[in-house]
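Structure first, then comments.
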Amino acid sequence: MTGASRFSEETFRLLRRWRIEYRNRPAVYRDLLVIAYLVEEIGCADTTGFAGQCSDPGSSSEMTPSQVAARLGVTPEAVRKACRTGRLKAVKPAGAREWRISAAAYVEYRNRAA
């Protein structure tokens, strides 16, 4: 069952779409968040779009607001706003245009949001 722990990009797309579609139904939305969390914990998609996002919270990998938004099912602007207001710990390296979010900061934010 080597491939059984991996999920396709289509699975992630469906979860994101359903979370957006059912955002106004709290019980369903909460359940979809739990399902998305479990899918992420079991394994990431077999596509390059999700490569590098399966790292441990303690690793030094960083994500962009777009990558975090895709995983949370929100817009990149919502993630940038969370970074600006300090709700999501992120750094903006000198001269960089984009925030960088560590895996640990992502997990902490995701757990608070769920």
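All of the numbers you see were taken from the coordinates with simple rules; none came from a lab. Because the structure is a prediction, the values reported are computed rather than measured.
Before moving on, here are some points about what is shown:
- For the pair Ala94 and Val107 in one chain, pulling the backbone fully straight at 0.36 nm per residue adds 2.2 nm over the alpha carbon distance.
- Extension gain from Asp31 to Ala78, taking 0.36 nm per residue of separation minus the Cα-Cα distance: 14.8 nm
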